[in-house]
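The values are calculated or read from the model by the stated rules, or taken from the named source; none is laboratory data. For clarity, every value in this text was computed on a predicted model and none was experimentally measured. Don't worry about glycine lacking a Cβ; one is built from the backbone with ideal geometry, like all the others, and counts go over all protein chains shown. Side chains are part of the model used for accessible areas, which takes the heavy atoms of the whole protein and leaves out ligands, DNA and RNA. Shrake-Rupley method; radii C 1.70, N 1.55, O 1.52, S 1.80 Å.
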Amino acid sequence: PGELMVLTLVTTLGLYTHHYMLLLSGTFGLFLLLARGFPHVLHTLASRRFWAWSATQIVALVLFSFWLWVTADKLGNDAGFSKPAAILWAP
């Protein structure tokens, strides 16, 4: 449980630091899914380790959603160039 809490904390802090953490988390999840090879994907999906990792990522996203809610009024503002809301967090 301690490792999962630290993983959640690191992911949350990473998201607050830079939105590329979302790509890093997704890549790590893909690695966990395919680490044993494509034929073992269904076995990995049934593993407790994969779902524990998924739960930490969901909690981190929920904790980060607070920042999105607080800064929602800034979506239309210019910062160098205007960004449509749909691609605000896209790299």
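Looking at segment 18-49 only, could you name the residues that are under 14 Å from Thr8 (Cα atoms) and open to solvent by less than 40 Å² (accessible area, probe 1.4 Å)?
Answer for segment 18-49, where residues must be under 14 Å from Thr8 (Cα atoms) and open to solvent by less than 40 Å² (accessible area, probe 1.4 Å): Met21, Ser25, Gly29.
Out of all the residues in segment 21-55, which are within 21 Å of Trp69 (Cβ to Cβ) and either among the basic types (Lys, Arg) or touching a residue at least 24 places away in the same chain (Cβ under 8 Å) (or both)?
Leu22, Ser25, listed by residue number.
Consider only pairs whose beta carbons are under 6 Å apart and that are at least six residues apart or on different chains; among these, list those whose first residue lies in segment 59-70 and is touching a residue at least 24 places away in the same chain (Cβ under 8 Å) and whose second residue is assigned to a helix (DSSP H, G or I) and hydrophobic (A, V, I, L, M, F, W, C).
Cβ pairs passing all conditions: Phe64/Leu15.
Could you count how many residues in segment 1-17 are among the hydrophobic types (A, V, I, L, M, F, W, C) and exposed (fewer than 14 other Cβ atoms within 10 Å of the Cβ)?
Going through segment 1-17 one residue at a time, the tally reaches 4.
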